[in-house]
Amino acid sequence: MPLEQLMWVEKYRPHRLEDLMNQTEVKERLTPLLQKPQEMPHLLFAGPPGSGKTTLAQIIADRLLGELKDDYTLSLNASDERGIDTVRERIKVFSSYSDRREGVPFRLVILDEADEMTRDAQTALRRIMEESSRHTRFILVCNYSSGIIEPIQSRCAIFRFQRVDSERVSAYLRKIAETERVKVTEVVLDAICEATGGDVRQAINLLQAASSRGEVTLEGVNAVTGSTVKGRASEIIKLALSGDFNGARMKLVELTRVYGVPETDFLRFANETVVAEGGEKTSDAVRILAEYDYRLLMGATPEIQLTAMLAELAALKGK
């Protein structure tokens, strides 16, 4: 597919370590490892969405494997293929092959959203990492390192990514807009940055979605997300705090299933709403949010936990 037909998030994805936004410490620590690939350990990239974790994993694959990347790299989204069968069948088979061409330091397995893998799958993965370490390296990508079992963490060099600041995101979006000949004002760029909270991938997608007419307006941005994501999340929390559990739950299902809003984003917006609303029950509401945020980090089922959270928030009305 021609480059110009790709989504902008792919078209403008960095292909060199030097081009990765922010993440100075990560790049400084990683550079020496790439110079001696045979000594490179398994890697664990942890940090917020859209901060460059998956992009960096791809940069490493390109740099170390070159034209043979497709033959010697296995990339999986662990949130979709997170069961023990996938680990045993696909990952174990791929990593068990020790053959490699001249100039190829090792086979590479990239597991995106690895913190979504089940505990049993992670335990099986640990054994595979041990058995194949002579000829296979793993790059695990996750939002929260706490979702990765300790035996795997101890076998990896852990790199923690920082959320990209708004100024850098805005400058990058401005550069894309100029290249694509799209008109956009600073006010609109600020709105996109505020709506996406440092998620570069989401910001680029939003810019492209709102640019269908060759000009990105504030109304266009709000139509795509604006008030949609943040405003809808706020409405759900307000309904729950008013005691309307059923109404809040119906809108929550719509937000997560229809609009595909991640539970972490919903909780972030929920916290902002609770604090902004104030009131004598604020501290109780914040404690409830913190409890369910922790449960999600521990791998609990998102829809069940968020529904239970709304039930507890609604119960505050009667206390």
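The values are calculated or read from the model by the stated rules, or taken from the named source; none is laboratory data. These numbers were taken from a predicted model, which means no experiment stands behind them. We place every Cβ from the backbone using ideal geometry, glycine too, and count neighbours over all the protein chains shown.
Some notes on this structure:
- Residue tally, condition surrounded by fewer than 20 Cβ atoms within 10 Å (Cβ to Cβ) and of a type in the set (A, V, I, L, M), over region 62-74: 2
- Residue check: S283 meets all listed conditions (1) within 21 Å of P48 (Cβ to Cβ); (2) at pLDDT 90 or above but one, namely (1).
- Matching residues in region 76-105 - criterion: being buried (at least 17 other Cβ atoms within 10 Å of the Cβ) and at pLDDT 80 or above: L76, I91, F94, S95, V104
- Flag if T136 is at pLDDT 85 or above, more than 19 Å from E150 (Cβ to Cβ), of a type outside the set (A, V, I, L, M) and crowded, with 22+ Cβ neighbours inside 10 Å: yes
For every residue, the table says whether it meets (1) in the same structural domain as L74 (by TED's automatic domain parsing); (2) touching an Asp or Glu at 6+ places or on another chain (Cβ under 9 Å).
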{"residue": "I149", "(1), (2)": "yes, no"}
{"residue": "T179", "(1), (2)": "no, no"}
{"residue": "K183", "(1), (2)": "no, yes"}
{"residue": "D190", "(1), (2)": "no, no"}
{"residue": "E194", "(1), (2)": "no, no"}
{"residue": "R201", "(1), (2)": "no, no"}
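- All positions within region 183-199 that are touching a Leu at 6+ places or on another chain (Cβ under 9 Å), surrounded by 20 or more Cβ atoms within 10 Å (Cβ to Cβ), touching a residue at least 24 places away in the same chain (Cβ under 8 Å) and not hydroxyl-bearing (S, T, Y): V184, V188, A191, I192, C193, A195
- Only one entry in R126, R168 is touching a Pro at 6+ places or on another chain (Cβ under 7 Å) and either modelled with pLDDT of 90 or more or closer than 30 Å to V188 by Cβ (or both), namely R126.
- Checked across region 258-271, the condition of being over 30 Å from E186 (Cα atoms) and loosely packed, with under 15 Cβ neighbours inside 10 Å holds for at least one residue.
- Of all residues assigned to region 47-60, none qualifies as being basic (K, R), part of a strand (DSSP E or B) and either closer than 21 Å to F161 by Cβ or touching a helix residue (DSSP H, G or I) at 6+ places or on another chain (Cβ under 6 Å) (or both).
- For region 136-170, the set of residues classified as in a helix (DSSP H, G or I), farther than 27 Å from C193 by Cβ and among the β-branched types (V, I, T) consists of I152 only.
- Residue within region 217-227 that is surrounded by 22 or more Cβ atoms within 10 Å (Cβ to Cβ) and either at pLDDT 85 or above or not in a helix (DSSP H, G or I) (or both) present: yes
- Residue count for region 38-55, restricted to those that are over 20 Å from G197 (Cβ atoms) and at pLDDT 90 or above: 5
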